[in-house]
Every structure is written in C-alpha cells, then in structure tokens.
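Below: one structure, written as structure tokens.
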Amino acid sequence: MEMNEYLDVFIEESKEHIQSLNSNLLELEKDPKNMDTVNEIFRSAHTLKGMSATMGYQDLADLTHKMENVLDAVRNDKLQLDSTIIDIAFEAVDQLEFMVFDIIDGGNGKKDVSDLVAQLKAIEEGEPIRHIKTNDSNPVDASENGTQTIKIGSLDQFETTVLQQSLEKKFNNFQVNIQLDEGCLLKAARVYMVFEVLEQMGEIIKSEPLVAELEEENFENDFAVLLITQEDKETVKQKIMKVSEISQVIVSTFDVKQSFEPEATENVSLEASKQKSSSTSNKEAKSKKNSKTSQLTSKTIRVNIDRLDALMNLFEELVIDRGRLEQIAGTMKHAELQETVEHMTRISGDLQNIILNMRMVPIDQVFNRFPRMVRQLAKDLNKQIELSIQGAETELDRTVIDEIGDPLVHLIRNALDHGIEIPKERVEKGKSEKGTLKLNAYHSGNHVFIEISDDGAGINKEKVIKKALSNGVIDEDQLATMSDSQIHQLILASGFSTADQISDISGRGVGLDVVKNTIESLGGSIEIESEYGKGSLFSVQLPLTLSIISVLLVEVSKEKYAIPLSSIIETAIINKNEIMHAHNKQVIDFRGKVVPLISLHDIFEIPGDKEDEAFHSIVIIRQGDKMAGLIVDSFIGQKEIVLKSLGNYLTDVFAISGATILGDGQVALIVDTNALIK
C-alpha cells in the first residue's frame with residue numbers, strides 16, 4: 001500500500017491530536033476526576049495509535065498504545081491519577097510531538113522511547129515508577145577542551161564538491177560550534193543573528209540541527225554550522241562572540257574526506273526517485289477515478305499553503321492592472337468603459353476580501369502552545385500562575401502568524417520569570433499567592449492588538465532611568481521631557497540587552513530589543529504600561545495583512561511616494577509663516593503639540609531645487625506616542641497597492657520599506673514611517 005499520498009493528511013491530523021492531548025491534559029490536571037476529559041484524551045491517543053500503525057511509524061504506535069492502556073485503566077477505576085502520572089503523560093506527548101516533527105522534516109519518526117514505554121507499563125500494572133531518562137536528539141562529541149560539540153553529519157556529493165573546490169581556491173572550511181547562554185530566551189532570534197554574522201564572512205553549507213529545527217527552537221543550547229570563509233579561526237570566533245547571549249564558540253578545521261558517504265547519497269537519491277515515480281503514478285490513477293459521493297463531501301478541504309501564496313501573487317498582478325484600467329478610463333472619459341471598470345473594481349474588491357480571508361488563521365494556532373509552556377515554567381520557578389486567554393479566535397494573515405510566535409513566547413517568559421513574584425513575596429505585598437497572566441487578542445480597524453498583562457512587580461522606573469543614563473541611551477535633557485510611558489519604552493532599547501540587566505531591572509530588558517525589531521519588521525509596534533508593584537501591560541499592534549495595503553500617494557519633485565494610511569493621523573496645508581524652530585529643527589504647533597517637520601526632499605536627496613512656496617503640504621504621521629510632519633509637494637490620493645520588496649541588493653535603504661507598481665507603470669517607493677520618526 002503506497003502511503004505517500006496520505007502523508008500530508010497524517011501530519012495535519014497528528015498535529016491536531018497532539019494539541020488536543022496537551023489541552024485536555026491541562027484540563028485533567030485541574031480536575032483529575034473528570035471522566036469526560038479522560039475519554040477525550042483516550043480517543044485522541046487511540047486515533048493517533050491507529051494512524052501511526054497504518055503508516056508504519058511503530059515507535060509512535062507503541063507509545064500511544066501504552067498511553068491508551070493507562071487511560072483505559074483510569075476510565076475503569078483501576079487507577080487513580082496523580083501529578084506523577086500526569087507529568088509522565090506530558091513527557092509522552094512531548095516525545096510524540098518530537099517524532100511527528102521528525103516526520104515533517106523528512107525523517108522516519110523513530111526515537112528510543114523504550115524507557116517511557118516501560119514507565120507507562122509500570123503505571124498500568126501498579127508497579128513503582130522509575131526515573132524518566134532524557135533522550136538527546138542531537139549527536140554530540142567532545143572537543144579538545146572537554147566541552148560538548150555537535151557533529152556535522154555526512155555530506156552529499158554536491159556539498160562535498162563545493163568544499164573541495166573551496167580548498168583549491170585557498171578558502172577555509174570551518175566547523176563552527178556555538179553554545180547559547182543557559183538562560184537564553186529567544187533562541188531562534190539569536191541563531192538568526194549568528195547566521196547574519198556568518199553570511200557576512202562567507203557561505204554556510206550546512207547546519208546541525210537543520211535550519212527548520214533551529215527556527216522552531218527544536219534544540220537545546222548548542223548548534224553547529226559548516227562555513228566556507230577567507231577569515232581565520234580567531235576572527236570568526238570574535239565576530240560571533242559580539243552577538244549577545246553567546247557563551248562559547250569553538251571553530252575547528254573541517255575534514256571533507258571523513259564526511260562524504262557516496263553510497264548513502266546514491267541510495268537516498270534512488271529512494272527519492274522511486275517515491276517521486278510512485279507518487280506520480282498514484283496521482284494519475286487517482287485522477288481517473290470517478291467520485292460518486294458528492295453528497296457526502298465535507299464543506300471544508302485542506303489546501304496547500306503554496307497554492308494560496310500563488311493565488312495571492314496572481315491577484316496582486318490583477319490589482320496592478322486594475323489601477324491601470326482605472327487610470328485609462330478616467331483619461332478617456334468613455335461612459336461604457338468607466339461603467340465596466342467600476343463593476344470590475346467592485347468584483348475584484350470582493351475577490352480580494354475572499355482571498356485575504358482564505359489566508360487568515362486564528363491566532364489560537366500561536367496561543368495554544370502557551371498553557372503547556374506556562375505550566376512547565378511555573379513548576380520550574382516554584383510559582384503559582386493562572387493563565388487567562390481571551391480572543392483566541394481573532395484572525396491574522398498567515399505570514400504574520402508565522403513571525404509573531406517567538407516574540408510572544410519571549411514576552412510571556414519574561415512576565416513569568418521577572419514579572420510575577422514568588423508566592424511568599426506576593427503574600428508579603430498583600431497579594432494572593434497565585435499570580436495572573438492574561439493574554440488577550442482583538443481586532444481594531446485594520447489592525448490586531450495582542451495584550452500580555454501580569455499582576456506582578458511592574459517596572460521600577462528609577463532603575464530604568466539610572467540604567468538608561470549609564471548606558472548612554474538617553475541624556476539628562478531628553479529625560480526632562482519624557483513621560484512615564486516613554487521611560488517604560490526604554491527597556492526595548494538595544495542598550496539594555498546586557499549581562500547585568502537581570503539584576504538591575506529584574507531582567508525586563510533582556511532580549512526585548514529583538515522582540516521590538518521583529519514586531520516593527522512586520523509593520524507593527526509595541527507599547528508598555530506599568531505601575532510599580534502592581535503589574536505591567538505589553539500591547540502589540542500588528543497589521544491584518546502584509547501584502548496589500550492602503551496608502552496615500554504623494555509627490556515630491558515629480559517623484560511619487562506611498563505613505564501607509566495606518567500611520568497617518570491627517571493631512572494639512574500650512575502657511576510657511578506657521579513654521580517655527582526649536583533645537584535647530586523645524587516644528588509646527590499641531591493641536592497644542594510641538595511636532596517636528598521632516599522634508600522628504602532632503603531625506604531622500606531628490607535631485608532638483610525645492611519649490612519655495614508660501615504654503616506647504618504636510619502629512620502628520622504617528623508611531624506610538626511620537627508624531628512627525630512630512631513635507632511633500634502635493635497629495636495625489638488614496639490607493640490600495642501591492643507591497644513588493646526591493647530585493648536582496650537593496651536591503652538597507654533608509655526609510656524605504658518596499659515599492660509598488662502604479663497603474664501607469666511607474667514605480668512608487670513606500671515610506672517607512674517608523675524609521676523617519678526614530
């Protein structure tokens with residue numbers, strides 16, 4: 001029986017069952033006598049066992065079979081649940097999840113779970129439970145100085161050829177082993193920063209674990225990279241050590257000959273060829289079958305996300321052509337053409353909403369990992385914490401969902417570790433022993449807001465000020481004009497990501513610069529409210545989608561620029577005499593507030609002389625509690641545009657986040673208002 005065509009269905013349904021196991025085990029821990037919850041867990045384990053056995057994943061099937069036996073004993077009143085049994089059940093679910101993700105990454109789902117199976121069997125038979133043995137998923141080896149380093153696995157023929165050619169051209173082949181700090185929170189972000197440094201020095205050939213596992217933080221604190229570079233070992237080491245939260249870097253020369261296994265490569269290629277051939281024949285056979293079960297068809301289907309991405313790309317081209325037709329119809333003033341274009345605009349607008357909604361995913365896909373994480377952290381920190389989640393059904397574009405998980409994990413871990421106090425301290429302050437962490441998501445206009453709040457210690461404003469002044473983040477003059485909210489925002493500055501931060505301001509700043517940068521790269525923002533001794537609120541604002549946005553088109557010296565409407569408060573035309581000067585900068589009085597002016601002509605160094613007119617067109621923009629006025633020559637109007645990146649060669653253009661193609665074929669640059677306000 002050929003299983004390749006069923007693999008995607010198996011993976012999706014396995015992930016759903018594992019999430020169900022996690023959620024229901026958390027509920028069962030609160031109410032161990034709830035047989036309805038036990039039955040739900042039993043059904044998930046039973047279904048997962050049957051699917052795994054059918055697909056040939058025996059380790060998965062064996063582990064779920066033993067879980068099923070224990071649950072059946074509980075259902076029949078032969079076994080009483082306690083915290084130890086639930087802990088082992090959670091460990092079993094962790095191992096199931098590891099095996100499923102191994103299958104997703106192309107593995108065979110094998111893992112030594114014999115110790116865990118033996119413990120579940122002991123529970124079932126009422127015998128004493130032995131200690132759980134930790135299975136290390138990463139191969140390790142001992143380096144010269146005694147520390148553990150990960151070994152790079154065998155290379156294929158292409159990788160070997162590249163490495164051999166690099167030696168011929170006098171390049172260095174290095175294996176770089178990196179160890180993160182034990183308490184490193186946003187591990188995936190640190191890995192990304194290390195990769196950025198390495199790519200500036202040379203070319204990365206391979207990593208262990210694989211990049212996908214590193215992005216999912218599916219590793220401990222160590223990872224290894226195979227690097228081709230002209231730099232020496234010491235230079236490579238020094239540059240990597242500049243990244244924060246790195247405890248050790250070991251750079252060694254890589255021996256190509258010991259790592260190439262040609263026979264294994266050929267077998268893999270042959271097997272892949274067979275799989276591709278059988279998969280193709282299955283598809284052809286499947287296409288010839290006539291379905292007679294149309295009335296029984298489900299109202300939902302699973303669609304590969306790549307197809308939705310392709311559909312979105314095609315629609316983006318349609319939006320560009322729609323703009324062109326609108327412009328032609330407006331120029332020609334042909335009644336029938338204008339009527340047809342208006343109808344097409346309405347239809348394409350409806351189509352746009354449908355496509356965007358198809359890409360929308362409930363934020364519950366991110367939130368559902370947090371109850372388990374909070375439970376484990378609470379046990380590790382000896383704290384009592386109640387997690388409250390609201391708005392999990394709120395939907396976001398898939399591209400935003402993919403990126404927002406790590407920053408939220410970091411904010412939650414920060415709140416638990418450094419925000420909420422231990423029970424003894426809470427009682428001394430007149431609080432309940434159990435701290436509360438609230439997670440809330442909701443829509444507002446074209447944005448989604450995610451709030452993480454806790455009733456913990458809050459942020460000590462005086463210590464933040466002291467730290468900011470000593471690190472040079474601000475000076476005394478700036479401090480004199482800052483509000484409490486602006487002072488709280490200082491913990492997001494990169495100057496706070498230092499080793500002594502944990503003791504200075506309760507660790508609230510460690511890595512938050514990475515969180516802020518990630519959120520802003522998505523076109524979002526983060527704001528902080530805190531009352532010392534009572535708690536903190538971190539509010540993250542994100543756009544609903546990143547691909548099609550509404551903008552105001554403006555003109556500066558005959559060049560067109562697009563300013564996102566989400567950043568604009570209003571537009572105005574002011575008299576030149578209304579412009580004042582403060583600290584050698586142009587400012588205006590906007591509704592009682594002093595707002596600095598920024599000339600796009602000067603910022604982007606646009607050729608040609610500035611027009612010296614009596615009136616200026618101004619676009620008032622806002623980011624958080626900061627505002628600025630952009631001086632432009634004229635307003636063109638509001639448009640919906642397709643956001644296009646500038647490509648790999650124009651990655652560091654100041655204050656430009658992308659470009660778009662207008663209806664007449666011209667290219668308009670999209671202004672990054674966040675960068676301008678900074």
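How do the pairs read when you match residues in segment 533-544 that are not assigned by TED's automatic domain parsing to the domain that holds GLY419 and of a type outside the set (Ser, Thr, Tyr) with residues anywhere that are assigned to a loop (DSSP other than H, G, I, E, B) and modelled with pLDDT of 90 or more, using Cβ under 7 Å and keeping only pairs 6 or more apart or on different chains?
none
Can you find a residue that is under 21 Å from ASN218 (Cβ atoms), hydrophobic (A, V, I, L, M, F, W, C) and under 32 Å from the mean Cα position of the chain (by Cα) anywhere in segment 27-43?
No - not one qualifying residue is present in segment 27-43.
Determine whether GLY608 is in a loop (DSSP other than H, G, I, E, B) and either closer than 19 Å to SER550 by Cβ or in contact with a His (Cβ under 9 Å, 6 or more places away or on another chain) (or both).
Yes, satisfied.
Give me the residue from segment 388-433 that is within 25 Å of ARG190 (Cβ to Cβ) and without any contact (Cβ under 8 Å) to a residue 60 or more places away in the chain and, out of that set, surrounded by the most Cβ atoms within 10 Å (Cβ to Cβ).
This residue is ILE420.
Mind checking which residues of segment 353-363 are buried (at least 17 other Cβ atoms within 10 Å of the Cβ) and at pLDDT 85 or above?
ILE363
Got at least one residue in segment 568-585 being surrounded by fewer than 17 Cβ atoms within 10 Å (Cβ to Cβ), touching a residue at least 60 places away in the same chain (Cβ under 8 Å) and in a strand (DSSP E or B)?
yes
Can you pull out the residues in segment 373-382 that are buried (at least 19 other Cβ atoms within 10 Å of the Cβ) and either among the β-branched types (Val, Ile, Thr) or at positive phi (or both)?
Hit for segment 373-382 is VAL374, nothing else.
Please note which strands (runs of 3 or more DSSP E) are completely contained in segment 160-239 and include at least 3 residues that are touching a Leu at 6+ places or on another chain (Cβ under 9 Å) and farther than 25 Å from GLY106 by Cβ.
In segment 160-239, 172-180 are the strands (runs of 3 or more DSSP E) which contain 3 or more residues that are touching a Leu at 6+ places or on another chain (Cβ under 9 Å) and farther than 25 Å from GLY106 by Cβ.
Given THR54, THR134, THR84, which one is in a helix (DSSP H, G or I) and modelled with pLDDT under 80?
Just a single option satisfies the conditions, and that option is THR54.
Of the residues ALA61, ALA92, which single one is touching a helix residue (DSSP H, G or I) at 6+ places or on another chain (Cβ under 9 Å) and without any contact (Cβ under 8 Å) to a residue 24 or more places away in the chain?
One residue alone meets the criteria, ALA61.
Scan segment 281-301 and give yes if some residue there is at negative phi and at pLDDT 65 or above, otherwise no.
Yes; the residues of segment 281-301 include at least one that is at negative phi and at pLDDT 65 or above.
Being surrounded by 15 or more Cβ atoms within 10 Å (Cβ to Cβ), within 31 Å of the chain's Cα centre (by Cα) and modelled with pLDDT under 85, is that true of even one residue in segment 161-174?
No, segment 161-174 contains no residue that is surrounded by 15 or more Cβ atoms within 10 Å (Cβ to Cβ), within 31 Å of the chain's Cα centre (by Cα) and modelled with pLDDT under 85.
Residue check: is ILE385 part of a helix (DSSP H, G or I), hydrophobic (A, V, I, L, M, F, W, C), touching a helix residue (DSSP H, G or I) at 6+ places or on another chain (Cβ under 7 Å) and crowded, with 19+ Cβ neighbours inside 10 Å?
no
Tally up the residues in segment 211-236 that are of a type in the set (D, E, K, R) and either farther than 16 Å from TYR192 by Cα or over 29 Å from the mean Cα position of the chain (by Cα) (or both), please.
4
Only residues in segment 231-248 that are in the same structural domain as PHE171 (by TED's automatic domain parsing) count as the first member; pair them with residues that are surrounded by fewer than 16 Cβ atoms within 10 Å (Cβ to Cβ) and of a type in the set (Phe, Trp, Tyr), Cβ under 6 angstrom, at least 6 apart or cross-chain, and list the lot.
The qualifying pairs do not exist here.
Kindly evaluate HIS616 against the criterion of being at pLDDT 80 or above, buried (at least 18 other Cβ atoms within 10 Å of the Cβ), touching a strand residue (DSSP E or B) at 6+ places or on another chain (Cβ under 8 Å) and assigned to a helix (DSSP H, G or I).
So HIS616 fails the test.
Just a yes or no: is a residue in segment 405-428 under 16 Å from SER530 (Cβ atoms), modelled with pLDDT of 80 or more and either of a type in the set (Lys, Arg) or more than 29 Å from the chain's Cα centre (by Cα) (or both)?
No, segment 405-428 contains no residue that is under 16 Å from SER530 (Cβ atoms), modelled with pLDDT of 80 or more and either of a type in the set (Lys, Arg) or more than 29 Å from the chain's Cα centre (by Cα) (or both).
Checking HIS46 against (1) in contact with an Asp or Glu (Cβ under 8 Å, 6 or more places away or on another chain); (2) within 19 Å of ASP102 (Cβ to Cβ), which test does it fail?
In the conditions (1) in contact with an Asp or Glu (Cβ under 8 Å, 6 or more places away or on another chain); (2) within 19 Å of ASP102 (Cβ to Cβ), HIS46 misses (2) alone.
Any idea how many residues of segment 445-484 are within 26 Å of GLU386 (Cα to Cα) and either buried (at least 20 other Cβ atoms within 10 Å of the Cβ) or touching a strand residue (DSSP E or B) at 6+ places or on another chain (Cβ under 8 Å) (or both)?
Matching residues across segment 445-484 total 12.
Tell me which residues, restricted to segment 34-53, are surrounded by fewer than 17 Cβ atoms within 10 Å (Cβ to Cβ) and either in contact (Cβ under 8 Å) with a residue 40 or more places away in the chain or in contact with a Ser or Thr (Cβ under 7 Å, 6 or more places away or on another chain) (or both).
Across segment 34-53, the qualifying residue is only MET35.
Inspect all residues belonging to segment 35-50 and state whether any of them is outside any helix (DSSP H, G or I), out of contact with any Lys or Arg (no Cβ under 7 Å at 6 or more places or on another chain) and of a type outside the set (D, E, K, R).
no
The values are calculated or read from the model by the stated rules, or taken from the named source; none is laboratory data. Note that the structure is a prediction, hence the values are computed from the model and not measured. Positions of Cβ are generated from backbone atoms using ideal geometry, with glycine treated the same way; all protein chains shown enter the neighbour counts.
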